[in-house]
Amino acid sequence: MATTDSSSKPDIETKEPQEPKDSATGTTKDAEVTKDAEVTEDAAVAKDAAVAKDAAVTEDAEVAKTEEPAKVEEPAKVEETAAVEETKAQDAPKTEGTTADEAKVEAAAVETPAVETPAAEVTETKAAETKAAETEAAETEAAETEAAETETAETKAAETKAAETEVVATTVAEPAVADVKAENAAKVAEGTAPAPAGATKTTEKPKSRFSFSVGNLRENGIYIAFAAIVLLFAVLTDFRLLQPQNLSNVIIQNSYILILAIGMILIIIAGHIDLSVGSVLAATGAFAAVLMVNHDVHWAIAIPLTLVMGALIGAWQGYWVAYFGIPAFIVTLAGMLLFRAATMMILGNQGIGPFPDTVRSMANGFTPGWLGNVALGALGGADLVTLLVGLALVVAIIWTQWRARSARAGFGQAVEPISLFLLKVIAPSVVLMFVIVQLARFKNLPWVLLLLGALVVIYTLITNRAVFGRHIYAIGGNVNAAMLSGVKVKQVTFWLFVNMGVLSAVAGIIFAGRLNLAGPTAGNSFELDAIAAAFIGGAAVQGGVGKVVGAITGGLIMAVINNGMSLLGAPSEQVMLVKGLVLLLAVAFDVWTKRRAGAGGR
């Protein structure tokens, strides 16, 4: 038995080196299976981590996040591997227990670093793939955006070019279409061509070629009224009204009112009023008298200083109206009292005179006969220069009227018939030449008439051609719209009152030179005459409407009424009564034409 036992031991010892090989081989196979399972599980973990990561997290953070759960799960993986090996070892002989345990430990020690490497590599690969996909998506989106912007720019350029082509084509085609339409309309009106298909026949009577619209009546009614008043007083005074001397007196006696009316029409067009012009006239006249009479200042220096004083007075009132926001009615009413008191203080409540001959000649004098007189048959002699001036004015009237008509026709606007146009040109030309001939027969042209004519031309150009004049009409028409359109309302208003002060100073010098005296009562009620002249001449109460020529015509109507009733020997109360009625009728006519125009528009 001992021999048997001793012989058996070497057999066992001989097999011991082989059994670990089988055990090791079995353990290696299990480790490979475990390793594959772990790689699969690590791939799933990396995939879940890649899906859950934020797009804004950097690559290092992603790797850190992915490695951290992998390391945490390693002990659990080792335990699971150990459990599987223990289960397999229970079936083997007990003699292999120690060797199996050692193999398990070695396998776990060997497998631990092998687990980390595949997980990190997979995570890095997934992160790199994700980043590459994001980069590719961003590049694709940028390319698509750039392509869309390029396409949009090309589309806009094509649309702009097409629009410009359409505008050019329309511009070229419009005159031809307008000509064809006008020709067809003329043929239809004459009955030589049938009306267009689908057109409805109207039963309205054709308008007369000489019919006036409400706008024409409002624009030309003042001139018709002026002609009627002149004819009426000419008949009532046995035509003494139209005598050469009387016409000269009408112009000289009312020249200062006409000068004030020029400034007043601008104030009223802008929607304001000036009640202080009479007092400013008196104050500036008194200032000029003190300079020229009391202090012997030369007229060439005294007159500019007087104009500066008028401008300062206008600036004073314009500031309160434009920048302080006080209504012009209140400011100028206060100015009427203030500057009347200033006049009395300057003069010491007494008159100052006489004025230098140059100033008196400016107000009452006439132009010399530079070229002598020419015979006019039964009418006697007449100054040649005066007649030439009259002919030049007639040519200017005809040229300006024809130019305006041609411009309207060129823009496709409606123009009056040629017969009515000739009437509008011939009638004023005849009246003007009649007045010029009468003045030439008396004492030539008054200097003050030349001054007045220059002012009319200058202010007509300002109101019709200059931006400042257009702004005045815009403010009077709608001050809010003018402000939104960029018109500097405050500045325009301020300079309007400055201008009114300068013109009041001019009128003050003329009036003082005519009387050869500056008195404390000068200019009383002149503001009312100037306002009446503006409203009678077509100015609107609400502003925005009026012309310089209309204001001159209104002033001449008041002058004819004064002179005609004076020739008739009428008392002053009757003169005031007639002037008041004329003013009321003029404003009523303005309101009536506005209502008719509004009804026609509806």
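The values are calculated or read from the model by the stated rules, or taken from the named source; none is laboratory data. All values derive from a computational prediction rather than experimental measurement. Counting neighbours? That spans all protein chains shown, and the Cβs are built from the backbone with ideal geometry, glycine included. The accessibility values were calculated without ligands, DNA or RNA, using every heavy atom of the protein model including side chains. Shrake-Rupley method; radii C 1.70, N 1.55, O 1.52, S 1.80 Å.
Table for the structure above
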| quantity | calculated |
| --- | --- |
| Among (1) open to solvent by 60 Å² or more (accessible area, probe 1.4 Å); (2) over 28 Å from Met264 (Cα atoms); (3) of a type in the set (S, T, N, Q) - the single one Asn464 does not satisfy | (2) |
| Residue in the stretch 264-292 that is farthest from Met344 (Cα to Cα), counting only those that are β-branched (Val, Ile, Thr) and surrounded by 24 or more Cβ atoms within 10 Å (Cβ to Cβ) | Ile269 |
| Restricting the stretch 399-423 to residues that are in contact (Cβ under 8 Å) with a residue 60 or more places away in the chain and part of a helix (DSSP H, G or I), the residue that is surrounded by the most Cβ atoms within 10 Å (Cβ to Cβ) | Leu420 |
| Filter result for Ala533 (of a type in the set (A, V, I, L, M), closer than 30 Å to Asp357 by Cβ and open to solvent by less than 10 Å² (accessible area, probe 1.4 Å)) | no |
| Test for Val578: is it open to solvent by 20 Å² or more (accessible area, probe 1.4 Å), among the aliphatic types (A, V, I, L, M), out of contact with any strand residue (DSSP E or B) (no Cβ under 7 Å at 6 or more places or on another chain) and farther than 20 Å from Asn254 by Cα | no |
| Qualifying residue in the stretch 486-495 (condition: within 21 Å of Val277 (Cα to Cα), open to solvent by 70 Å² or more (accessible area, probe 1.4 Å) and without any contact (Cβ under 8 Å) to a residue 60 or more places away in the chain) | no |
| Odd one out for Ala396 among (1) over 15 Å from Gly453 (Cα atoms); (2) open to solvent by less than 50 Å² (accessible area, probe 1.4 Å); (3) among the small types (Gly, Ala, Ser) | (1) |
| Matching option when the condition is open to solvent by 70 Å² or more (accessible area, probe 1.4 Å), farther than 30 Å from Leu515 by Cβ, assigned to a helix (DSSP H, G or I) and touching a helix residue (DSSP H, G or I) at 6+ places or on another chain (Cβ under 9 Å), among Leu371, Leu391 | Leu391 |
| Test: residue in the stretch 505-519 that is over 18 Å from Ala363 (Cβ atoms), aliphatic (A, V, I, L, M) and in contact with a helix residue (DSSP H, G or I) (Cβ under 7 Å, 6 or more places away or on another chain) | no |
| Matching helices (runs of 4 or more DSSP H) fully within the stretch 511-602 where at least 3 residues are in contact with a Leu (Cβ under 7 Å, 6 or more places away or on another chain) and in contact (Cβ under 8 Å) with a residue 60 or more places away in the chain | 526-536, 548-567 |
| Residue among Leu236, Leu260 that alone is touching a residue at least 60 places away in the same chain (Cβ under 8 Å), over 15 Å from Thr306 (Cα atoms), in contact with a Phe, Trp or Tyr (Cβ under 9 Å, 6 or more places away or on another chain) and aliphatic (A, V, I, L, M) | Leu260 |
| Selection within the stretch 343-352 - in contact (Cβ under 8 Å) with a residue 60 or more places away in the chain and either within 16 Å of Ala505 (Cβ to Cβ) or not β-branched (Val, Ile, Thr) (or both) | Thr343, Met344, Ile346, Leu347, Asn349, Gln350, Gly351 |
| Cβ pairs under 8 Å, 6+ apart, first in the stretch 456-483 and farther than 12 Å from Val545 by Cβ, second among the basic types (Lys, Arg) | Thr460/Lys547; His471/Lys488 |
| Failed condition for Val591, given (1) open to solvent by 70 Å² or more (accessible area, probe 1.4 Å); (2) under 27 Å from Val479 (Cβ atoms) | (1) |
| Yes/no for Val359 being in contact (Cβ under 8 Å) with a residue 60 or more places away in the chain, surrounded by 13 or more Cβ atoms within 10 Å (Cβ to Cβ) and assigned to a helix (DSSP H, G or I) | yes |
| Qualifying positions in the stretch 503-518 - under 11 Å from Ala283 (Cα atoms) and of a type in the set (Val, Ile, Thr) | Ile509 |
